[in-house]
Amino acid sequence: MENLLHVVSVAVPFIAVLTVVVFIHELGHFLAARWCGVRVQAFSIGFGREIVGFNDRHGTRWKFCWLPLGGYVRFVDDESAASTSSGAALEKLTPEDRQGAFQSQPLRNRALVVAAGPAFNIASAVIIYILTFWLLGTYGTAAIVDEVLPDSAAAKAGLRAGDRVAEIEGRAVERFSDLQRVVSQSSGQPLAFVIDREGKMLELTIKPDQREITDPLGNKVQVGMIGIKRHAGGDRFEHKSHNLLEATRLGFAETGYVSWQIISSLPKLPGAILKTLSGQRQSDIGGPIAIAEMTAHASKSGIAGTLGWLAVFSIMLGIMNLLPIPILDGGHLLFYAVEAVRGRPLDPRKQEIGFRIGLAILATMMFAAIFGDIMRKLGIG
């Protein structure tokens, strides 16, 4: 019974967050399609057999299905939920339906419809961050050093207890978490610190050491550390309110930061997949179990934590869908770029081969992610 409750406590938040993020993504495709005059047959959250649904006045079937692990928007000329089409599909349509077919649209319209899904994901993250910072404010502790560990990088550079970190590499630091964020990603790189020591501003150069830690999911990760501590305590936990203008600035900045973190990690993805498939424990790739656990962990940290993870998840889905892999939105955009250069679409046979290759790549990635999850849960590697 206890194990069942644990599974439910992990699965329910994950499905809820996934449903919201998928809805946002598909809504982008849907609204862009409607704006371009494309007829939409179905808007589905989930796959498989329909649970409940309704038809709107335009003839679109809105529905929830039994397998809540994704969704799709199906156009009148689609042959599958992956929005694949062909000349044969168009020939089966009436002249009226053919005018509303996706493949009958000019190149710019097709590209707009495809790009709108990821764009909505990223735009929604900006809105979530802005509303969170504006309505809930930010929480954290000031970037004050309570303790400097002996023989650490901070000690060698001359940092002392009581110092307040004002800037790192020219960027203002307000919270201790801001300091941790920069340092953890800069192992081996000298960083220029500006320190407020009893009202006097000092400049120090600190080179973070690389350390291996265990993240909340049990993965071993390499991070930078300088050897300082900030003691916990209710009197040190600060709340800061932000007006709409400041919240907007922070919202765009946070979206940009998260996006860059995801993008900069993409070159490591092939290596992470290979290491995972070879039996090595690899923290750079997380499967559905890891993501579900992270979602459950975020849901326990309150509304701000849940909204923050929702934004991160939405950005992640948007960026991953822009990868130039056939079947994904990025793959479709790649085909459209080739079409724009050539002046005509790729041969249908070549596109079909591309979709098959894309499907194989996605299947490999998913298998590696699930395999990595299983190894992590079993403590292997």
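Readers should treat all values here as calculations from the given coordinates under stated rules, not as data from a laboratory. From a predicted model like this one, the values you see are computed outputs, not experimental measurements. FYI the Cβ positions are ideal-geometry reconstructions off the backbone, even for glycines, and counts take in every protein chain you see.
Computed quantities for the displayed model
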| read-out | value |
| --- | --- |
| Distance in nm between pseudo-label sites at Glu238 and Arg98 (7 Å out along the Cβ direction from Cα) | 6.8 |
| Filter on Lys300/Lys377; Lys63/Lys268; Lys200/Lys229; Lys200/Lys240 - keep pairs with C-alpha separation over 30 Å | Lys63/Lys268 |
| Cα-based helix-to-principal-axis angle, 244-265 vs the chain, degrees rounded to 10 | 80 |
| Peptide ranges 347-360, 123-136, 148-161 listed from the most packed, as the mean C-beta count within 10 angstrom indicates | 123-136, 148-161, 347-360 |
| Shape call, the chain: gyration tensor on alpha carbons, a/c limit 1.5 | prolate |
| Residues Trp66, Trp309, sorted so that the one with the fewest Cβ neighbours within 10 Å comes first | Trp66, Trp309 |
| Relative contact order of the chain, pairs being alpha-carbon contacts under 8 Å that are 6 or more residues apart, as % | 17 |
| Nearest 10 degrees, 0 to 90: helix 303-321 Cα axis against the chain principal axis | 50 |
| Sorted by Cβ neighbour density within 10 Å, fewest at the top, the residues Ser278, Ser177, Ser104 | Ser278, Ser177, Ser104 |
| Packing-based exposure ordering (other Cβ within 10 Å, fewest first) of Phe23, Phe43 | Phe23, Phe43 |
| At R0 = 35 Å, FRET efficiency that the Cβ-Cβ distance of Val7 and Arg181 yields, to 0.05 | 0.60 |
| Ratio of Rg to Rh over region 138-240 (Cα coordinates, Kirkwood Rh, two decimals) | 0.96 |
| Separation in nanometres of the label points that stand 7 Å from Cα toward Cβ, at Leu266 and Arg356 | 2.7 |
| With Cα atoms, 0 to 90° folded angle of helix 348-378 axis to the chain main axis | 40 |
| Cα-based Rg / Dmax (Å) for region 1-63 | 15.6, 52 |
